[in-house]
Every structure is written in C-alpha cells, then in structure tokens.
1. Can you give the local net charge around Gly168? Use residues other than it whose beta-carbon is closer than 15 angstrom to its beta-carbon, Lys and Arg +1, Asp and Glu -1.
2. I want to verify a result. In a Gaussian network model of the chain, Cα cutoff 10 Å, which of these has the top mean-square fluctuation: Asp286, Asp298, Asp57?
3. Where in segment 80-121 does the amide nitrogen come within less than 15 Å of the point 7 Å from the Cα of Val6, taken along Cα to Cβ?
4. Can you list residues from other chains, or at least 5 along the same chain, whose modelled amide H is less than 5 Å from the amide H of Ser62?
5. Pairs of alpha-carbon atoms within less than 8 angstrom and 6+ residues apart define the contacts here; what relative contact order does segment 1-114 have, in percent?
6. Averaging over all projection directions, find the projected area of the Cα convex hull of segment 1-115 and quote it in nm² with one decimal place.
7. How far is helix 246-256 tilted off the main Cα axis of the chain, in degrees rounded to 10, range 0 to 90?
8. Using only Cα atoms and rounding to the nearest 10 degrees, what angle (0 to 90) does helix 229-244 make with the longest principal axis of the chain?
Amino acid sequence: MKADLVDLNFSDLYLRLDKDGQAIYRIGPNNEGKSGLAAVPDGHDSDLAAVRNAINDDGTNSGTVTYDEMRLRFVRMPTVEDQVWAAIRRIPLSPPTLDELGLHPDAVTMMRGFAARRGLVLVGGATGAGKTTTVFGALHDYLKIRGGVAITLEDPPELLLQGPVGAGICFQMGISETYTWQMAVMAALRSRPRYILIGEIRTPEAAQQALIASQSGHLVLTTAHGGSVEEAVETIIGLAEVRLGEQAARRLMAGNLLAAIHQWMGHYGPNLEVVQTKSGGTRAQDPVRSGIIDNRPDVLRQNLVKFTAPPPRAAAAE
C-alpha cells in the first residue's frame, strides 16, 4: 500500500542516489519522546524515487529541493564501494513563529524581547539542532507582530519567507561566487532594514560581515556550529580574526552581542542555554563583555540560563 513521505515523521533522511530501495530516516520530534534511526517503511518507493530524481537532476553537491509540501536540504556523499548517498534534512516549507517552535514559554518571551533591540543574536549548536529554524521563527514573529523590513543573506537560502509577512516584508538574497558576503551586506545596509538574518557562518568573510552589520543599528540574527555557548562565540571570533585581527574581532563581538544561545533538540523540542549581555553595559559593568574580550569562556559559562522545552501543554519552569 502506498504511503506518503510527507506524513512520515522524520528530521533527516539518508537516501541512496545511485540505486533504488535503500533509505533510512531519523525519527523527528514527537510527544512520546521517541528517537533514533529506522528503515523507511514499505510503501514510500514512489516518493523516494521522486526525491532521488530531484536531487540527481539538481546536479550540485549540496542544495535544497521542494517536493510534496516538503523543503529538503541535501548534501551528496560519494562513499566507499562506489556508492552515492544523500544526507537530507527536512526543513519547514515556511518558517514557524516563536510560539510554534516548542520552546519553553520563558524562552519565547526572551526571544521576542530581542525585536526591540539592536545588535547580534547568535544561535549555535550541532548539525540538526534546529538553529536556522529558530532564527527564522524569530524573524517571522518579529515581522508579523512589529512589521518593518527584513533582509536574509544565505548560502544557499533554505526556509522561504520572501515577500509580505504580516505588517512587514522580507527580501531573501543568496550568496554566490559572484555575489559575495561583502556585497550582500553592503546592499542590505543601504536598504534600511530593521532586521538582518545572516545564514550559518562558515567563512572569515561571513564572520567579518556579520560583526560589521551588528554595529550598524540593526538587529542581526545568525547561526554557527558549536558544542556550547562559548564555542559558538569563539567560532565567530576565530573566523573573523582572519580578516580583522583577534582584538578587533573580540571588541566587535563584546560590544555588539545581545545574546549567545546554544541549542540542542530534546525529547519535546529545542532546549536552550543562553548568555545575555547587559543593555548599554560597558566592559567594566558587564562580566560577559569582559569575558569575551579577555578570552575567558568560564565567565560565559558562569552566566548561563537554561530553558528546557516542556512536554505538550506543560510549561513549568525548571
């Protein structure tokens, strides 16, 4: 009996591209707290073939395809024994709002409060932690509630938010070999946005431009890989210092950071560890800013607040 792939609760899919019939999925978030890997059940062959063909027709080593109301980000993986697989991440066709992410209610209130401020909000975590979904959920929320202009810069664009959103509007720009991070950030800054979202930072140029944008009077949302809050912060500094020098990178990070967030997926949704700087605080007044400049990750760890995603309909704080 045919089954629809869109109805399978998966966060990741591992699909053989050079041969029919082999597919494994990672169980997505669910109310029962189930997790792990499993073979894709029988009945999904036609959908798997369609996804396989879409990726093969794309012809690139990584990218995003849309199929049957699913947005699928893929990376092509040539493996031993001449096999070719794709690691596929399922991302929302359109971004959720903050209320729909499954965050602890206090975390939603905190994230919503950033909309009225200026500076950098950094969300770090491992692959598959939902970092991009969280920053897009925040941006979606800000535009619906507060309006204004948002510009997203990504390589490549993932979630779709182009066009009018509530009382606001979003313009999504892609980075390429001919349209660099510097060119995109310069265009964004000249477009009078209220919000700038910079996709996952992986290069010195992207890190440099994110820090420059964060001091320009806008709210900048971005993501980076890292196993903790302090690792995410140091990832951005380590990349930016290639272009700026270490001390300049640390000063920009310390002076413009609003919050550094480490995210990982729990049984019921995203769990967060958060370090916030003091609004208007100087280095002497704010231990977090001082800790960044002095390369004291232990200071950031001492100022963490944790938010655990609650079970459905439960919202008790820790």
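1. Numbers: positive: Arg112, Lys144, Arg146, Arg192, Arg194; negative: Asp141.
Surrounding charge for Gly168 is +4.
2. Ranking Asp286, Asp298, Asp57 by mean-square fluctuation puts Asp57 first.
3. Those under the cut-off are 91-94.
4. Under 5 Å from the amide H of Ser62: Arg76.
5. Working: 167 pairs, mean separation 28.1, N = 114.
Relative contact order comes out at 25 percent.
6. Details: hull surface 36.3 nm².
The Cα convex hull of segment 1-115, projected and averaged over all directions, gives 9.1 nm².
7. The helix 246-256 is inclined about 90 degrees to the chain.
8. Approximately 70 degrees, to the nearest 10.
Computed from the coordinates by the stated procedures, all read-outs in this text should not be read as laboratory data. In this text, all values refer to a predicted model and were calculated from it rather than measured experimentally. Every residue, glycine among them, receives a Cβ derived from its backbone with ideal geometry; neighbour counts consider all protein chains shown.
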